[in-house]
1. Using mean Cβ contacts within 10 Å as the protection proxy, how do 839-847, 694-702 order, highest first?
2. With the dipole of the chain worked out from charges on the C-beta (+1 for Lys and Arg, -1 for Asp and Glu) around the Cα centre, which of Ile174, Asn188, Leu523 lies farthest toward the positive end?
3. Please give the charge dipole size of the stretch 363-450, origin at the Cα centre, charges +1 on K and R Cβ atoms and -1 on D and E Cβ atoms. Round to the nearest 20 debye.
4. Taking all protein chains as present, what is the carbon and sulfur share of the accessible area of the chain, in % to the nearest whole number, probe 1.4 Å?
5. Distance cut-off 23 Å, Cα to Cα: go down the list Lys360/Lys790; Lys521/Lys570; Lys399/Lys791 and report the pairs above it.
6. Skip the ligands, DNA and RNA, and give the accessible area per residue of the stretch 348-437 with a 1.4 Å probe, whole Å².
7. Counting Lys and Arg as +1 and Asp and Glu as -1, each charge on the Cβ, what is the dipole of the stretch 594-728 about the Cα centre in debye, to the nearest 20?
8. If you split all Cα-Cα distances of the stretch 783-878 into 5 Å bins from zero, what percentages do you get per bin, shortest first?
Amino acid sequence: MKRQKTITWIMLIIMSSSMLFAEELKYKTKDMVLSKIDDWDFTQNDWDEIDDVYKKDREVVLKVLNGSYSLCIFDDIDPSLQKDKELLLLSLKKNGCGIEYADENMTDNKKLMLNALYENTNIFDSISPRLQKDREIILKYLSRTPIVGFALEKIDQNFLGDKGFIEEALKNHIEILEYMDEKLKQNNAFIVSLIKRFGYGLEYATTEQQDDKALVLEAVKHRSDGLEYVSDRLKKDKEIFLTALENSAYFPLAYADNSLTCDRSFAKEVIKINVHGISYLCEELLNDKELMLYALTKNNLLFDYMGDELKKDKSLVYMLAKDDSDVVAEMDKTLKNDREFIMKIIKLRPWGVFKQLNAKFQDDEEIVRYLANYDYEVLKYSSARLKSNKEFVQEILKKQPYAIKYIDSSLQTDPEIYMPVLKESGYGLEYATKEQKKDKALVLDAVRLNPYALEYVDASLKKDREVVLNAMKKSDSTPLKYADESLKKDKELVLKAVKKSEYAFDDADVSLKDDKAFVLKVLGIQGGALRYVSKRLKKDKEVVLRAIHYGGSFEYADKSLKQDKAFILKALTYCCQDENEDAEDREKSRIINFMFEVNDGVWEYIDKSVTKDKAFITSVINATGLGLEYATKEQQSNRAFVLDAVKRNANTLQYADEKLQDDKALVLQALKQDGTTLQYASNRLRGNREVVLKAIEESALAFGYASLELQSDRSLIVKAVKKYPILFHTGFSNIPQNILEDKAFILQFFKDGIDVSEGLTLKLKNDSKFIERCIKETGYGIQYATPEQKKDRAFMLEAIAKNHDALHSADRSMKNDRELVLTAVKNSTDIFRYNQYYFGSKLYNDKSFVMEALEVNPDIFNFIKEEFQKDREVLGLLEEIKNPLWKKIFNPLNILLFGLFSYWFFTKKKK
């Protein structure tokens, strides 16, 4: 027995040592080190983990310094390499690190030091004495340093008396006024020029100038900081503060007189210009319900600015809670403790409210039980008592199996808790026993339901191809991340993962990322996977071109290619518009780019050094239309040259001379290709109805760039919104309030099948009669129905019959109502395609219901469960639906045979 224990201990020590050794080996070989450096997310911590042996290796150091990241490693490399001028030069250019090892020639090289200062202002003390007195160097230093006072102590003080220097420095630091020479502070003509040009210097102006309305108006057009120093008379002036508000953030009101911040008409103007300005209004106005409701139509997330009295107003809180659960956190304490009101809010908006409630309501079984119908995180915020109540937890987990991660740890490992959850949803495998994690049948069921469960299966099953493939069926790249290393080398499996998501390639084996033939296959599926290929292949022109052709970004190509002019020209021809992309797809791409500022082109990521070559820029413009921003002024104002560029790339219009941006024929040429280029046209043309109409015809998004006057034109609104209903939302356009609240106008959109419900104003969302009319006549607006209406079966059936999407807003109790779901299925396959969004899993897993649904809409077949797609009875029904008996009888062959028989029969009869 003793001997057995000793052997066990020895084995444990060996295993632990081997694990530690494996961890230490992480960056122990040169290939491992070079591979890690290739990673786009290589960090200072990764450098610190590298063995000291490789910090003496010039190839390793050179690779780090040439990387796209900016690490300060020069102090950490071998002393022999610190003398290497090429390495030092690279380090200085990248981030200024290593300047203490530089010789006088380097520290006196102005171009090099300007570049280094841009990255690292700490090197200023180490540059040559001559350059420390250089005006351009000092301005660069000041522009990059956050603490200007400390920096000014180091420079030649004569500069603080130089008008031109002060004007340049002011572009980056207002604080320099405090340190400028006293003579300049007393130079009234200079101070007035600063006020007019930059808005700075009112604190040094004379009393008369601080009371000069014309001068102060000039100042606030640039900046409003100086309002602190204007006269008491001007602090009561509406025009000055409204002008400041139009040209600045909302803080100017901090200096306004109380007579202004308590002026209701002024407050309304403030809300029109910048609604956030309400934070400076007096308490009386913050409790003015009508005024605050007006503010909330501009931004319904400003409840925390409201006055204390309004935060006690139940009707207001209830109205706002429809759109913003955070209102519950900001409402008055009396409402937070009012259980009846809390229940009313919960029934109105079950999502996101629970975490805002008081502790006593988070321990309320009835509230938690109700919210479990809607919110999977309800147990996350429940009391410790409820999380450890076994019977209660079992009840909640039947509704929300994912919530197992939030229950008490003592219950998570209880088989009576996790096994039902695991079988029903695939969640909870992490709490199973080792034997259960090795049970292939159990694991297969789990990963089919929940691909993320693969993380917790036994290591032996992570090598099982069948298990990993089953996990992949319902997920993107996640399963490959948790698969065994051997499967990460499986080309077929990796390709299947990449088809789901480009990010899957990040988890593939290093060898595959450097296999050119395989990488080309991957990039032909997901061009964006270029970011994960090896450093070597990021230099390969064929690889990069393939990635670009299939939607990849030039951002991840090697720097050498970004400097290769011939290759850039070739790459630019590969990233042009997809020939198979229709107008609708193009418009969707624009909306995504507009909302998320997506940038996946080539031109944006070229090395800017190539733009200095004017001959190259001209050839790029001639070939692609890109690059006009780097062209000469003569080229930018040459109509024929710009027109030719615009024909190739409409967005080039933004870099054309102002006169050409006002050239109607040239602008119309740009709009033919891309209506959103209306934003680059002159104000005159953006107010031209014909021009705007042409822009909207090409892209509905162009409407948002039309003049404010034309954004009030109802026919243009209809034309744009019919193409993209999202434009009705105020975030995408400036449609006037009176139109946004025109009930007849909005109802007509609904009748035409255009859902503009997300763009409804707060006032209309809470107009119960109008919402009820919209729902009854069109089915739209159901999300704003009352909780009682959402439980009213007849009401919901009527709405769903008109608009299948209304099913999503039905009360949870109706999610398994066969008639309601079948009514929706009749009109759209989306009901099954996005089944979790629309109805309960009980019906989705009910074969008899699925067969009923197929009879109503056979096109749902591709979206039913895989096991039903293979079911003989289901397939037989589908065959009957697609080929009913009358079709079989009256098929072309039978008709032909019947015709021949009839001809023979009647011919014979005549004889």
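The values are calculated or read from the model by the stated rules, or taken from the named source; none is laboratory data. Please read these numbers as outputs of a predicted model, since none were measured by experiment. No Cβ is skipped: glycine too gets one built from the backbone with ideal geometry, and neighbour counts run over all protein chains shown. Protein only, heavy atoms only, side chains kept; ligands, DNA and RNA dropped before computing areas. Shrake-Rupley method; radii C 1.70, N 1.55, O 1.52, S 1.80 Å.
1. So the peptides 839-847, 694-702, ranked by packing, come out 694-702, 839-847.
2. Leu523
3. The dipole of the stretch 363-450 has a size of about 440 debye.
4. Ligands and nucleic acids excluded, carbon and sulfur give 50 percent.
5. Listed pairs above 23 Å: Lys360/Lys790.
6. Here the residues of the stretch 348-437 average 47 Å² of exposed surface.
7. Dipole of the stretch 594-728, to the nearest 20 debye: 400 debye.
8. Binned Cα distances yield the sequence 2, 15, 28, 23, 16, 8, 5, 2, 1.
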